[in-house]
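Down below is the structure, laid out as C-alpha cells.
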Amino acid sequence: MNTFFEGLSAVATACAFLAALYAGYQAQRLFRIELKRDEQAREAERKRQASQVSAWAATRIKTGGRIGFGVVLRNSSDDPVYDVQVECHGFTSSRVPTLQCLPPGEFFVANTVEEDAAAEWDYPKPIREVAGDPLRPFTISDARGVDAIIFRDNTGAGWHRAARGELRKTP
C-alpha cells in the first residue's frame, strides 16, 4: 500500500511540475504582450508631437480680388518644432526657406511672385494677421501642393511627413 501512495505522490509531483511549466510559459507570453504594448505606448508618445505638425498649399484671396498663393504651416502641439523644411510644387520655388523654429499655432507663408520682390517666399505670418483675406486650401487641384514637411521635435528627433500624411522618423 505504501508503494501505491508513493506512486500517487510521484504522479502528483509530475503534474504539479507540468502545471508550473505551463504557468511559466503563460507568464512569459503575457510578459511579452505587455512589453510589446509598452513599446507601442512609448512609440505613440514619441509620435505625439510630430503627428500634430502639418502643412498644405493654399490660395489667399486678397482685398480687391487679387489672388496669392502660399503654404499654411500648423503646429497644434504645445511645444515648438525646429529646422522645419517644406518641400512643395507649383510655386516659384520648390522649397520654402528653412524655418529655425515653428512655434505652436497656424502660419501662412506667401509665395512672392512680384517682379521686384527680393525673395521668393515671404516671412511666415500668423493666420490671424491675414484673417481679413480668406484662405482656401488646394483640395482638388494638384497644380500646387506640399510634397513633404521635415522637422525636428522638441526632443531632437527628426520626422518626415509625406504629402498623403504618412509620418516616419528620420535618422
I want to confirm something. Restricting to the stretch 127-171 and keeping residues that are among the small types (G, A, S) and within 22 Å of E106 (Cβ to Cβ), which single residue is surrounded by the most Cβ atoms within 10 Å (Cβ to Cβ)? G145
Which numbered condition V130 misses (of (1) at pLDDT below 85; (2) closer than 18 Å to A162 by Cα): (2)
Among residues of the stretch 139-161, those that are of a type outside the set (A, V, I, L, M, F, W, C), in contact with a Ser or Thr (Cβ under 9 Å, 6 or more places away or on another chain) and either free of Cβ contacts under 8 Å to residues at least 12 places away in the same chain or within 13 Å of G90 (Cβ to Cβ) (or both), counted: 2
G65 fails exactly one of (1) under 15 Å from F151 (Cα atoms); (2) small (G, A, S); (3) loosely packed, with under 10 Cβ neighbours inside 10 Å, namely (1)
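Here is a yes/no grid of residues against (1) among the polar types (S, T, N, Q); (2) surrounded by fewer than 12 Cβ atoms within 10 Å (Cβ to Cβ); (3) at negative phi; (4) at pLDDT below 85:
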position	(1), (2), (3), (4)
L35	no, yes, yes, no
A44	no, yes, yes, yes
T59	yes, no, yes, no
V71	no, no, yes, no
R74	no, no, yes, no
S93	yes, no, yes, yes
P104	no, no, yes, no
E115	no, yes, yes, yes
A118	no, yes, yes, yes
Condition met for R48 (within 23 Å of A162 (Cβ to Cβ) and in a helix (DSSP H, G or I)): yes
Report whether or not S141 is of a type in the set (S, T, Y) and within 25 Å of G158 (Cα to Cα). no
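The values are calculated or read from the model by the stated rules, or taken from the named source; none is laboratory data. Given the structure is predicted, the values throughout are model-derived calculations rather than measurements. When we count neighbours, we look across all protein chains shown, and the Cβ atoms used for this are built from the backbone with ideal geometry, even at glycine.
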